[in-house]
Structure formats: structure tokens, C-alpha cells
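The next block holds one structure in the form of C-alpha cells; read it before the comments.
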Amino acid sequence: MNTQASKVELPAKATAISRVLTGITTSGTPHLGNYVGSIRPSVLASQNQHVQSFYFLADYHALIKIGDPERVQRSTLEIAASWLAAGVDPERVTFYRQSDIPEITELTWLLTCVAGKGMLNRAHAYKASVDKNNAAGNDADADVTAGLFMYPVLMAADILMFNAHKVPVGRDQIQHIEMARDIAQSFNYRYKKDSQSSNNKTGDMYFTLPEAQIDEAVATLPGLDGRKMSKSYDNTIPLFASKAELKKLIAGIVTDSKLPGEAKDTEGSALFQIYQAFATDVETQTMRQAFKEGISWGDAKLKLLERIDQEIAPMRETYASLISNPDKVEAILLAGADKARKIATPFMQSLREAVGLRRLHAVQSIKTDKKAKQASFAFKQYRESDGKFYFKLVDASNSVVLQSQGFDTPKEAGQTIAWLKENGLNSLPANVHFVNEIPQSELGELNLQLKNSWFMN
């Protein structure tokens, strides 16, 4: 899960509480880019009294990327210590480790049973791996683990377990939120709640449909070489590097060859952008003017060092104390897990009941006609006297909802049906039409029912 965070959009009513959830993958040492883009804004957002913040260390996610157990463990400690040192208050927020919540993995399986494989085929990470293999002439699934393929379902479980309203993500991760919504809708539709149930906290839905929260103002920090600061580029500045190490790293920031006294461009300057991420507006304007007046790169780097250290130094001591006392960090994470499980455990029990994982003494006679239930919507394929193949979609009363034109082969008709089941009815192929106009407001529910429709020949 992306570690971006943004300013929180409040619900319409000022008194309402918005639940916001952020995951941090435990795959490396936090750097200045993580701090500016995620940690700092998250700490600020968590102080909003109208926001219920959930921050979790996504160590299950890390296993997809990393096969080194010691690295996963060390990263978990470093990231937890970094967020705590930066000001996350475990008394105010729910701060926990993903693997301490066994309900997450159980929910993942329940969601797997309603998630469409076709949807998972389109996940960006999986598609990227397939494309890379195809380009190299390898089998499409070479070195692709089931973990990578199922990654979106695990992420959906993280989000839906706590019925998060908002999930701060970067634009490249909006798809994960869309998938979580799709999976939630499928589950809500298949296992409709009894509106009279005492467990009915969200109307007739088990899961709140989450929304991606994008803040265009969230800073993306350049690294030492001018590219985005990232572990994959090996161009990072560790968040809690000592001042001496920080000075050495800043000295390595790539600059142009302009001499002292020559005006320097702020546009495209990694040094200036990093400085701006830590400076006040007044300080930024002062540095901008210094660039115009030809400040030497050495002096500019010294100013950057002092400005970063001014903000980070007070946290560095706390971080070092936490790193040297992992038992304290462990206790904080376990306390956070206890807080999270007070929500997850009863909710998981209601979900178990919903899907039929129940004690046998509660068995009741089932009078529902299963076939009739399945056949609430059905595709019927047939051949006419013109030799062409047709299909229609009928409802429970056998009224025709959708009608196709003729196809030359039954395969073509079947392929079109499969396309409709996968993509829905919002945009129909040219050779398919509604018999009667369907209001736009009814299409969403019809699409969900369509996914569970069956074939009749």
C-alpha cells in the first residue's frame, strides 16, 4: 500500500467522524521522501478531531517483495520507530502491525471467494510482470507468485476490515481502491444483511465503499540524482541519518556546473526542491533570491543541511532511543493490535455468520428454491431459422431485458455474453440493445446481479 497521506476531507456534517486508513510496507529504511510525502502529513492529519486514523505496518505485503526475514523484521522496527518519533500518538490513533490481526487473513479468503479473476488479471503489478515476461520471451507467469496476483485482495481486506471511508494513495494506486470497492459491492450483494439485525451497522451493507483520497499538493521529493527519491533508484537520504552522514549525502546532490556569482535556476533543481519541502514560505523566497544572486553550490548545500537538521534533529534522539529499545516499540504495536481487534474480532464473527460459517445448533430449515434464486437473471442462447445465433437476458418473470442481433457462430455469441458479464451494461456493444430503457440509477444493481447470472441454452 502506498505510504502517501493527504489532508483529510471532512464529511458533510462537521460532527461526523471520517475513518482514514494508511498502510506502510515494511520493505526498507524510511528516507526524507517518505517523511515529506507521507509521515509528516499523516501526523498532521491524525490531529484532526473529526478523523479516526488507522496506520498499520503492512508486513504481509512486504513478503511479496522481500525474501529476507531479517530485513522485514528490521524494517518493521525502523518504520515503527520513525512514525513514533515523528509524532504519531498511539493513544490517539490505531497504530498496529498487519500480521498481529489474524482476522485480516481470514477476511482475505472470504473476499477471494467473491473477487473476479478477470479483475485481478488487470491489476497493474500483475500486468507489469506479465508484460515484462512476454517482452523477454518467457512464460507469461514466470516468477509470478500467487501472492503478487492476490495482492489486491489482501489490500482490500486491510481497508474493508475497518470500513475505512478514505484511503490516501498516489494516483498510481487508485486502481487498488477501485478493486476494493468492487469486491465490497460483490460481497454486499451476495450476502445481504437483515435490516433488522443488531449487527447491521451500515444499513444493508457489510462493507463501506472506500474512496481514494488524492492530494495533489503532497510533495514528491527528488533524490540525490534528481529523480524521484526511491530505494529502487538508490538515491535516498535516510530520514534519521546522523548530521555528519547527512552532510556527506547532501554534498553528493547533483548540480550543474555554474560557478559562484552565476545566477542559478530553481526550476528543476533537486537541491532547491528538497530545501523548499522543509522551509517556510519566507525561507523559500530568500533561497530563491540567493539562487538569482549566484550563491555557490557549497553554500546552498550547507543551508540545506542546516534547514533539514533543524526539523529532524529533535526527532533523531527519540528515534535512536526507540531503536535501542525494541521491546518498547513491540509493546506499542501490540497495544495497537488489541485496539484494532476490538473492532475486527466481532466484525469478523458477523461476516462468518453471513457466509454460513456457523455453529451447527443454529441450523434452520431452508425453504428457498435455489434454482429460482439463481435464475433471477439468465442468459438464454438460441438459434433462429435464419441460421444465426442469438441470446437474450431475461429476468425472474422471463421478461426480456436485453436482446442481441444475430451472430454467425455460437462462439461469438458466448464471447459477447462473457464481455457483458465482465464489463457490465453501462456501455453496450453495437449488436446488443435494451428492450426497454433502463434508468441510469438502476444499472449499478443490475450489473451486480449480472455477475451472478447463469447460462441457459
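The values are calculated or read from the model by the stated rules, or taken from the named source; none is laboratory data. Because the structure is predicted, anything quoted here is derived from the model rather than measured. Here Cβ is always computed from backbone atoms with ideal geometry, including for glycine, and neighbour counts include all displayed protein chains.
Points worth noting:
- None of Ala140, Ala125, Ala184, Ala136 is surrounded by 20 or more Cβ atoms within 10 Å (Cβ to Cβ) and of a type in the set (Gly, Ala, Ser) except Ala184.
- Here Leu351 passes the criteria (1) aliphatic (A, V, I, L, M); (2) modelled with pLDDT of 95 or more; (3) within 23 Å of Gly252 (Cβ to Cβ) except the one numbered (3).
- Count of region 304-318 residues which are farther than 10 Å from Phe240 by Cβ and among the charged types (D, E, K, R): 4
- Given (1) modelled with pLDDT of 95 or more; (2) surrounded by 13 or more Cβ atoms within 10 Å (Cβ to Cβ); (3) small (Gly, Ala, Ser), number of the condition Ala277 does not satisfy: (1)
- The residue that is surrounded by the most Cβ atoms within 10 Å (Cβ to Cβ), counting only those in region 104-119 that are in a helix (DSSP H, G or I) and at pLDDT below 95, is Met119.
- Scan of region 190-208 for residues that are surrounded by fewer than 18 Cβ atoms within 10 Å (Cβ to Cβ) and modelled with pLDDT of 85 or more, ordered by number: Arg190, Tyr191
- Condition met for Ala354 (in contact (Cβ under 8 Å) with a residue 60 or more places away in the chain, of a type in the set (A, V, I, L, M, F, W, C) and surrounded by fewer than 19 Cβ atoms within 10 Å (Cβ to Cβ)): no
- Condition check for Ser324 on (1) at pLDDT below 95; (2) among the polar types (S, T, N, Q); (3) closer than 30 Å to Glu91 by Cα: one failure, at (1).
- Residues satisfying the stated conditions in region 28-43, i.e. within 26 Å of Leu160 (Cβ to Cβ) and out of contact with any strand residue (DSSP E or B) (no Cβ under 9 Å at 6 or more places or on another chain): Gly37, Val43
- All conditions in (1) loosely packed, with under 14 Cβ neighbours inside 10 Å; (2) at negative phi hold for Asp234, with the sole exception of (2).
- Counted as qualifying within region 231-326 are the helices (runs of 4 or more DSSP H) with 1 or more residues that are in contact with a helix residue (DSSP H, G or I) (Cβ under 8 Å, 6 or more places away or on another chain) and within 27 Å of Ala81 (Cα to Cα), namely 243-251, 270-278, 297-323.
- Every residue from region 272-322 that is aliphatic (A, V, I, L, M) and closer than 23 Å to Leu259 by Cβ: Ile274, Met287, Ala290, Ile295, Ala300, Leu302, Leu304, Leu305
- Boolean, Ile332 is in the same structural domain as Ala81 (by TED's automatic domain parsing) and not in a loop (DSSP other than H, G, I, E, B): yes
- Which numbered condition Asp89 fails, given (1) surrounded by fewer than 19 Cβ atoms within 10 Å (Cβ to Cβ); (2) touching a residue at least 24 places away in the same chain (Cβ under 8 Å); (3) part of a helix (DSSP H, G or I): (3)
- Residue list for region 160-170, restricted to those being out of contact with any strand residue (DSSP E or B) (no Cβ under 6 Å at 6 or more places or on another chain) and surrounded by 23 or more Cβ atoms within 10 Å (Cβ to Cβ): Leu160, Met161
- If the condition is being surrounded by fewer than 24 Cβ atoms within 10 Å (Cβ to Cβ) and in a helix (DSSP H, G or I), then region 40-59 contributes Arg40, Pro41, Val43, Leu44, Ala45, Asp59.
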